[in-house]
Amino acid sequence: MFAAERRQLILEMVRANGAVSLRELARVVQTSEVTVRRDVRALEAEGLLDRRHGGAVLPGGFTRESGLPQKSHLATAEKTAIADVAAGLVGEGEAIVVGAGTTTQELARRLARVPGLTVVTNSLLVAQALAHANRVEVVMTGGTLRGSNYALVGSGAEQSLQGLRVSRAFLSGSGLTAERGLSTSNMLSASVDRALVQAAAEVVVLADHTKLGTDTMFQTVPTDLITRLVTDEPPPHEDRAGTELQALADQGVQITVAGTGQSGPETAPPSRRARQDVPLPGQRGRHPGAPGPLRGAPGPLAAPEPQPAERAARVADLRRR
């Protein structure tokens, strides 16, 4: 197959699915991932698509939502590391809400071993991951099933969350920027996620670096309501992700960077994967009754407000690690 034919086929696949992994592209066009990566780079230079770590997506600031099969193959190692760290934030006997998504599904698999936990969710995949956990109680919302991501949406889901109060909400999304916060491409999903946020004392966003700097149609959580972001370390060439991390930290979001590599000869246990916390300039405590270190009260993560140059140096140091 000639290069022009390969690139046309790659472009058609991305347009049809919204996002496609390099592995899948290489399989379809019957060539190596190295060749596909070169083709994707050329198509990006023409403005026909955008590269992401491990795949390609539709171009432009506002991206459409890809299907679950495509999303499950993007940034899998990063999502695993993020889920490992996020699970360490959940304590015995807590009540939390977990939204829909492939990253939150990974989190749910790790929550199965937390005793006395109550999980409220609108995701069938999250519920399935916890179905056989003897010491975890799962509460499903009502609503209408949205087949593309196996989530319950609509007025039934939103009404079932009224009057609910939990310690934390764990949410994912299609994009995250310092300007608009977390966003998604589907109006019904965004509306339910906002209801999940209203039920929680604190909001933890799980987003791999491919979502940083990406903006989508419907805002889910404004930046000033995000307590913590758990993400992975952006590659050195991902300037946009690093810039967005800096901007989020400047606005007071606690940043936890999960490591995806190995420590010494063996990979660290799931709850002890490498992670870095960016101290906040004047940490916020938006929910006075909220428990635990995620509040803005003085603690191990609190620090005096750094100067802009110091903040920039700190984020640059995180990216070099």
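Couple of notes before you dig in:
- Qualifying trypsin sites (Lys or Arg not before Pro) in the stretch 210-254, DSSP loop, other Cβ atoms within 10 Å at most 15: none
- Value of relative contact order over the stretch 114-184, rounded to a whole percent, pairs C-alpha under 8 Å and six or more apart: 23 percent
- Sparse-neighbourhood loop sites, GluC sites (Glu not before Pro) in the stretch 110-201 - DSSP loop, at most 16 other Cβ within 10 angstrom: E179
- Alpha-carbon radius of gyration plus Dmax, which is the widest Cα pair, for the stretch 86-130 in Å: 9.3, 24
- Annotation: the antiparallel percentage among DSSP beta bridges lying fully within the stretch 163-262 is about 30.
- Residues whose amide H lies under 5 Å from that of A95, counting only those 5 or more places away or on a different chain, are T118, S167; hydrogens are built 1.01 Å from N in the peptide plane.
- Global geometry of the stretch 190-231, whether rounded, prolate or oblate, following the gyration tensor of its Cα atoms and the 1.5 cut on a/c: oblate
- DSSP-loop GluC sites (Glu not before Pro) across the stretch 1-47, with at most 14 other Cβ within 10 angstrom: E46
- V139-M187 FRET efficiency (beta carbon distance; Förster radius 25 Å; 0.05 resolution): 0.55
- Residue-normalised accessible area of the stretch 154-227, given per residue in Å² at a 1.4 Å probe: 32 Å²
The values are calculated or read from the model by the stated rules, or taken from the named source; none is laboratory data. Because the structure is predicted, anything quoted here is derived from the model rather than measured. Ideal geometry is used to build each Cβ from the backbone, glycine not excepted, and the neighbour counts take in all protein chains shown. Surface accessibility is based on the protein's heavy atoms, side chains included, excluding ligands, DNA and RNA. Shrake-Rupley method; radii C 1.70, N 1.55, O 1.52, S 1.80 Å.
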